[in-house]
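First, the structure itself, so that you have it in front of you.
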Amino acid sequence: MFSEKLKEITRLYPGLTYTQNGEKGLLKGTFKFCALYDRIEDKFVLNPLLHGDGDDRIIQDSYEIEVEFFPECSHPFPEVREVGGRIQKIIDKFNITDPRELHINKNQNSTICLCPKPELFLRYPNGVDLVDFFNALVLPYFYGLSYFERHKEWPRGSYGHGDAGIFEFYLEHRDKTTVDLAKSCIDSVSEKLSKEYMRKKGNIKGHWECICGSKLKIRDCHFKALEGLKLLKEDIGRLSIKLPF
Amino acid sequence: MTVNEFLKKLLKSQALTQQMLGDLSSHRAEVEEVLREKFGTEPTIRYGGSKAKGTMIQEGYDLDVVCYFPRDCDRDIDEIYKDVQKKLSGKYSVTPKNSALRIQKLDTDNATLDYHIDVVPGRFIDDKKQDTFLYVSHGDVKRIKTNLDTHIKVISQSGCVDIIRVGKLWRARNSINLRTFLLELLIIKCLESYNAKDNLQSSFKKFLEYLRDSISDVRLEDPANTNNVVSDNWSDGERQIISSKAEEALNIVDSDSDDPDKWREIFREPKSDKYIGESSVVITKNQLSKPWCI
């Protein structure tokens, strides 16, 4: 099964080569792609037909990357890094002071955050499907990075940093009937203010200080996160989920 | 995909991203701070324009901030306008417009803004804080009465918000010179007694027909002040150009008005699925996520 997935990855992205060192697997090399993002359909197409009429939705680009993972284990999830210095060039180009703007975790060995942490648990409860991981997370990220380099925005948007992004994700994916998503989001909450608001009795108010540390009112700063946080708090009570903090 | 589905998706793709909304919010906060520094708590400062009306689209939006002083403030409207201009000029590059002040070079800009920021000074007419006088820098009249809440209410309760957003996108994609307020009033007037406003296809087609057939002699009043005929400064030449653009669009969709590709053409969107081949891999919306960071 794994070897089939690996074969498919190296077929789609032939610049990558696989090596294994003990339990750890490494896919490394040039991640070369030609892809199109259709905003109307909200879908990506890898290897679209080229008509030579200059469709500006098509991006052809390449990045030097490495993806570390454990083929036999469901966790930890793969770690993706850009190792060719391209991200640093983009940081320099736009004078970006916080690499989180490009979704880089400086504190975690410059790994790339392809999606919110709780999503990985929900998406891959029995281990990562490598083909899905590359096509649905790695490709859109690097397409998005190239797009950002041109337009200084992410084509599909991005989640807020830290807990704000967790709550925005919850708002978009909430399912009233299951506790898994709520639990997974609560487990990912890390900021003091978020924990305080969740523990506090009563409703969360929009004029409270934003969880991102901006000192702005949360409703003026991260409105969607506020909505998600309110729902998460409500669901915790309704589903009798115990807070881990 | 039907034409209505296409138009709905088109609108969805035009929703402002979190980052854009965050930028708007921080720019508004910065402008408010500058104004508060000088004027304290005296003026009412809030969003105006498309942000307040819910008609924003990604391709072409401005940030309008109104700065209304109370009725009993000790200055006339022209003095208020000049005072606000002076204060803003101390910090920004300011371009006076008819009733607004356009500002540039905000502290919170990391890069060149791709939208305008307009501050609209005004003075409330009474203590109800609704009707407002705005300064008019051009022409004989020195002030006009208007009411932002009436504008917001008329537009947001017209049932035409989505059609207005479609209209704004059509205007932007076809480089049509038509003031937003006029576009909004035209759409509302055209669809006043139309019951299928939620049918974007038929409503927008009706609007195009209205532009083609009736724009030459349409008269539009400010809903907050019927004495203010906002279409007065609209020349016959400008009306004619818009009418022709609408006719061009109708010629395209009329050949098969249920073909989404015809509608893609008038919104200058590439035709669907012409890019999917045998070796393509399609990654659909349900599979996708968005990047995050700890």
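Any read-out appearing in this document is the output of simple, stated calculations on the displayed coordinates, not a laboratory observation. Bear in mind that the values here come from a model prediction, so they are computed numbers and not experimental data. In this analysis, Cβ positions are derived from the backbone assuming ideal geometry, glycine residues included, and neighbour counts consider all displayed protein chains.
Computed from the mean reciprocal separation of all distinct C-alpha pairs, what Kirkwood hydrodynamic radius does the protein assembly as shown have, in Å?
Working: mean 1/r = 0.0382 Å⁻¹.
Hydrodynamic radius (Kirkwood, Cα pairs) of the protein assembly as shown is 26.2 Å.
Related question: Find which of B:141, B:122, B:96 sits farthest along the positive direction of the dipole of the range B:92-202, computed with +1 on the beta-carbon of Lys and Arg, -1 on that of Asp and Glu, about the Cα centre.
Of the listed residues, the answer is B:141.
To continue, here is another question. Counting only other chains, and only Cβ atoms inside 10 Å, what mean value do you get across the residues of A:33-46? Let's see the in-between values first.
Numbers: counts 0, 1, 3, 5, 2, 10, 7, 16, 9, 7, 8, 7, 9, 5.
Going residue by residue through A:33-46 and averaging, the value is 6.
Tell me what chain B gives for mean residue ellipticity at 222 nm when only DSSP H runs of n ≥ 4 count, each as -39,500 (n - 2.57), the sum divided by the residue total, rounded to 500 deg cm²/dmol.
Numbers: 10 runs with 124 residues, N = 294.
Computed ellipticity for chain B at 222 nm equals -13000 deg cm²/dmol.
What is the Cα radius of gyration of the range B:18-147 over 2.2 N^0.38 Å, N being its residue count? Before the final figure, lay out each step's value.
Numbers: Rg = 14.3 Å, N = 130, 2.2 N^0.38 = 14.0 Å.
The range B:18-147 yields a ratio of 1.03.
Please list, by residue number, everything in the range A:98-120 whose backbone N is under 15 Å from a paramagnetic label point 7 Å out along Cα→Cβ of residue A:187.
So the set is A:116-120.
Cβ under 10 Å from residue A:5's Cβ, residue A:5 left aside: what net charge do those residues give with Lys, Arg +1 and Asp, Glu -1?
Numbers: positive: A:7; negative: A:4, A:8, A:129, A:132.
Computed value for this residue: -3.
Using +1 at the C-beta of Lys and Arg and -1 at the C-beta of Asp and Glu, which of B:160, A:159, B:251 has the Cα lying farthest in the positive direction of the dipole of the protein assembly as shown?
Ranked along the dipole, the leading option is A:159.
Okay, moving on. Please give the helix B:180-190 orientation as an angle from the longest Cα principal axis of chain B, in degrees from 0 to 90, rounded to the nearest 10.
It is inclined by approximately 60 degrees.
Which FRET efficiency, nearest 0.05, do residue A:107 and residue B:142 yield, Cβ-Cβ r, R0 60 Å? Mind showing how you got there, number by number?
Values: r = 60 Å, r/R0 = 0.99.
Working from the Cβ atoms, E equals 0.50.
Can you tell me the equivalent ellipsoid semi-axes for the range A:59-187? Use √(5λ) from the Cα gyration tensor, largest first, whole Å. Write down the numbers at each step before the final one.
Details: eigenvalues 130, 65, 35 Å².
So the three semi-axes of the range A:59-187 are 25, 18, 13 Å.
Looking at the range A:162-238 from every direction and averaging, what is the projected area of its Cα convex hull in nm²?
Values: hull surface 17.5 nm².
Directional mean of the projected Cα hull area for the range A:162-238 stands at 4.4 nm².
Another one. Per DSSP H run of at least 4 residues, take -39500 (n - 2.57); add these up for chain A, divide by its residues and hand me the 222 nm value, nearest 500 deg cm²/dmol. Walk me through the numbers before you get to the answer.
Details: 9 runs with 88 residues, N = 245.
Dividing the helical sum by the residues of chain A leaves -10500 deg cm²/dmol.
May I pose another question? Within 10 Å of each Cβ of A:152-158, how many other protein chain Cβ atoms are there on average?
Partner Cβ neighbours, averaged per residue: 6.
Can I ask one more? Report the trypsin sites (Lys or Arg not before Pro) located in the range A:191-229 that are in a DSSP loop and have at most 14 other Cβ atoms inside 10 Å of their Cβ, or state none.
Values: sites: A:192, A:195, A:199, A:200, A:201, A:205, A:215, A:217, A:219, A:224; in loops: A:200, A:201, A:205, A:215.
Filter output for the range A:191-229: A:200, A:201, A:205, A:215.
Pairs of Cα atoms under 8 Å, at least six residues apart: use those to get the relative contact order of chain B, whole percent.
Numbers: 383 pairs, mean separation 45.9, N = 294.
The value is 16 percent.
How long are the three semi-axes of the equivalent ellipsoid of the range A:1-121, in whole Å, if each is the root of 5 times an eigenvalue of the C-alpha gyration tensor, listed from largest down? Let's see the in-between values first.
Details: eigenvalues 126, 93, 44 Å².
In descending order, the three semi-axes are 25, 22, 15 Å.
Just subtract the alpha-carbon distance of residue A:207 and residue A:70 from 0.36 nm times their residue separation and send over the number in nm, one decimal.
Gain on stretching residue A:207 to residue A:70: 44.8 nm.
For the range B:78-178, what D do you get in µm² per second when you plug the Kirkwood radius from alpha-carbon pairs into Stokes-Einstein at 25 °C and 0.890 mPa s? All intermediate terms of the calculation are to be shown ahead of the outcome.
Working: Rh = 16.1 Å.
Translational D for this selection: 153 µm²/s.
Using alpha-carbon positions, what is the distance between the centroids of the range B:253-275 and the range A:62-101, in Å?
Result: 39 Å between the Cα centres.
Next up: Could you tell me the extents of chain B's C-alpha atoms along the three principal axes, largest first, rounded to whole Å?
Extents along the principal axes: 70, 57, 31 Å.
When ranked by the protection proxy of mean other Cβ atoms within 10 Å per residue, highest first, what sequence do the peptides A:81-94, B:281-294 form? Mind showing how you got there, number by number?
Numbers: A:81-94: 15.2, B:281-294: 18.1.
Going by the mean number of other Cβ atoms within 10 Å, highest first, we get B:281-294, A:81-94.
Taking the alpha-carbon set of chain A, what are its Rg and Dmax in Å?
19.5, 61
From the C-alpha gyration tensor of the range B:141-188, pull out the three semi-axes of the equivalent ellipsoid (sqrt of 5λ each), sorted largest to smallest, in whole Å.
Numbers: eigenvalues 94, 51, 8 Å².
Over the Cα atoms of the range B:141-188, the semi-axes work out to 22, 16, 6 Å.
Under a point-charge model restricted to the Cβ atoms of Lys and Arg (+1) and Asp and Glu (-1), what is the dipole moment magnitude of the range B:18-147 relative to its Cα centre, in debye to the nearest 20?
Working: 21 positive and 23 negative charges, 49 e Å.
Here the range B:18-147 has a charge dipole of around 240 debye.
When only alpha-carbon atoms count, how far does the range B:158-266 stretch along each of its three principal axes, as whole angstroms with the largest first?
Here the Cα extents, ordered largest to smallest, are 43, 30, 21 Å.
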